[in-house]
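Derivation of every value follows stated rules applied to the coordinates shown; laboratory data play no part. As the structure is a computational prediction, the values presented were derived from the model and not from experiment. Glycine gets a Cβ as well: all are built from the backbone with ideal geometry, and neighbour counts include every protein chain shown.
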Amino acid sequence: MKTEMKMFAIYDRIAEESSAPFLARTEGVAVRIYLDAIKSQAPSAIQDYWLYSLGVYDTETMELTPKEKASRVKPSEGLEMEAVNE
C-alpha cells in the first residue's frame, strides 16, 4: 500500500498568503481540488490563485518531507499527469 501523499497549498497573490496545506494522492487530484476551490471566484479573480507543490507526507511514519523550494503547479499539467497515470 502506498503510504506517501503529496502536499499542496493554494496561494492568493492579492492577499499574499496561502491556504492551509492539503494532501492529495496525485498532482492531478490536487489540481481537481484547486479547481473546485476557485470555481466560486469571479472569472477575473481566478488568475490570482496559484497551486503550489510543497512536499510529501508519509501516512505510515507521519514524516513530512518538504521540497527545498515550493513549486508552482500549472493546472493543465496536473490533469495531463492524472490521465497518463491511469
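The table for this structure:
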{"quantity": "Residues (surrounded by fewer than 18 Cβ atoms within 10 Å (Cβ to Cβ) and more than 19 Å from residue 76 (Cβ to Cβ)) located in the range 46-61", "calculated": "55, 56, 58, 59, 60, 61"}
{"quantity": "Criterion violated by residue 40 - all others in (1) surrounded by 15 or more Cβ atoms within 10 Å (Cβ to Cβ); (2) free of Cβ contacts under 8 Å to residues at least 40 places away in the same chain satisfied", "calculated": "(1)"}
{"quantity": "Qualifying residues in the range 26-52 (those that are under 15 Å from the mean Cα position of the chain (by Cα) and hydroxyl-bearing (Ser, Thr, Tyr)) - the one nearest to residue 8 (Cα to Cα)", "calculated": "52"}
